[in-house]
Amino acid sequence: MASRGHHGPTLQLPAISYDDVQRSVEYAARIIRSGGLVAFPTETVYGLGADATNADAIEAIFSAKERPHSDPLIVHLPSASALATVVASIPPLAYELAERFWPGPLTLILPRASGIPASVSAGGPTVGVRVPRHPVALALLQASGVPIVAPSANRFMHTSPTTAAHVLEDLDGRIDAVLDAGPCEVGVESTVLNLTSDPPCLLRPGGITFEALRDVIANIRLAGSTSDSPSVASQRPALAPGQMERHYAPRTPLIVFDGDGPEALSAILAEAARAIAAGQRVGILVADEEAEAFADMPVTLALLGPRADLAVVSRQLYAALRELDSQDFDLLVAHTFGREGLGLALWDRLRKAAGGTLRTVSSSEGF
Ligand code: TXA
Ligand code: MG
């Protein structure tokens, strides 16, 4: 089960029917326990799992993903009662958040316990932990009997995978197996919250919203901003280790327009018209309601979902980016979804997919 230098094809383990799940999870757990690498579904994205207590297995994750060691990994647990095995001291707030949001897409940064190798967290004194809510992830954690480190199961800097096919696009032949339970429900990664800073600081927006956390932590801060309001968050780089500005990136050039009101849509139409006039093939990622604005244009549309239901948009974003990126476009153009609720995570991922910059369009109402 040597994952370092693994060159055979990656084993595909179906995990949809009850019988599949039993058999596949038991097999995958054996691979994890013997130091191998198994990609598995979580409610956010597919993760690339390894035994969090095994330094060689952790090293194999970095090589399979071609990920720099400066980018820390998240440790996954079957329940909050296992926290003491990976965390050196647990503040009451961690239990309160765990009670409210676990299992679910929230990662807590806490002081690292000595049983977890320093390479998990780029040599730092902290560790990111979460309890995922996908039944297959929970079954794997239970069957393995060890905490599991799992970065998103993509090559470094590529778009995160929300299906087993996406995992294989990036990692086939580099990992031992992938558990296939179909598409992920949330579609963007977990929210990362640093509880070792005072006040607690949101390092990466994700599946649990800033507003939901602010209900529990009134003075929560947003990394990269001097205010607690996401609407005034600056575009400066976030402060978390591993928070590169270019990330989640398609290979096709992507321009993201930020702003509401008709002005943003006009700017997107103008950019698309310019590219078409220059002979370029253009793909557009927008909300369902924006489709009709492109009716007369020779562009390919990826409709991500209704603006009123950003859970649908989040679920579809990465698959749409991968799909358009696999076709022969010269330019992709996308529109943000505000910064309320899941809009903040979508804003963050679209900005990073565009290499760290947005084209800001102010509306007449003064966005
Ligand atoms: O939803 C998710 O979180 C997925 C699934 C598989 O659980 N995992 C995931 O892992 O997105 P990854 O490795 O792609 O992103 C983890 C990020 C790091 O890049 C870093 O920004 C932050 O979480 N992180 C992890 N440990 C940290 C630490 N000790 N201090 C600060 N940030 C940390
Ligand atoms: Mg990732």
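Some points to look at:
- Rounded to 5, the percent of DSSP beta bridges in the chain classed as antiparallel: 35
- Volume per residue of the convex hull around the Cα atoms, evaluated for region 79-187, comes out as 120 Å³.
- Note on region 1-133: Kirkwood hydrodynamic radius from all Cα pairs is 15.7 Å, rounded to one decimal.
- At R0 = 30 Å, FRET efficiency that the Cβ-Cβ distance of Ala118 and Gln142 yields, to 0.05: 0.70
- Modelled spin-label separation between Asp215 and Ser363, with each label point placed 7 Å from Cα along the Cα-to-Cβ direction: 2.6 nm.
- For region 27-93: Kirkwood Rh in Å [reciprocal of mean 1/r, alpha carbons]: 13.3
- Stokes-Einstein D in µm²/s, Kirkwood radius over Cα pairs - region 266-367 at 10 °C with 1.306 mPa s viscosity: 112
- Its alpha carbons give region 146-227 an Rg and a Dmax of 16.1, 47 Å.
- Binned Cα-Cα distances of the chain, short to long, each 10 Å bin given as a whole percent: 5, 25, 33, 24, 11, 2, 0
- Heavy-atom SASA rank of Ile276, Ile217 (probe 1.4 Å, accessible area, largest first): Ile276, Ile217
- Here the spin labels are modelled as points 7 Å beyond Cα on the Cα-Cβ line, and at Arg23 and Ala308 they lie 4.5 nm apart.
- Net length available on complete extension from Asp296 to Glu59 is 80.2 nm, with 0.36 nm assigned per residue and the Cα-Cα distance removed.
- Angle in degrees between helix 310-326 and the longest Cα principal axis of the chain, rounded to the nearest 10: 80
- Angle in degrees between helix 55-65 and the longest Cα principal axis of the chain, rounded to the nearest 10: 20
- Hydrodynamic estimate: the Kirkwood radius of region 68-112 over Cα pairs, inserted into Stokes-Einstein at 4 °C and 1.567 mPa s, corresponds to D of 114 µm²/s.
- Simple spin-label estimate for Ser34 and Ser326 gives 3.1 nm between the two label positions (7 Å along the Cα-to-Cβ direction from each Cα).
The values are calculated or read from the model by the stated rules, or taken from the named source; none is laboratory data. Model, not experiment: these values are computed from the prediction. For neighbour counting, all protein chains shown are included, and Cβ atoms are generated from backbone atoms with ideal geometry for every residue, glycine included. For the accessible areas, the whole protein counts, side chains as well, though only heavy atoms, and no ligand, DNA or RNA atoms are used. Shrake-Rupley method; radii C 1.70, N 1.55, O 1.52, S 1.80 Å.
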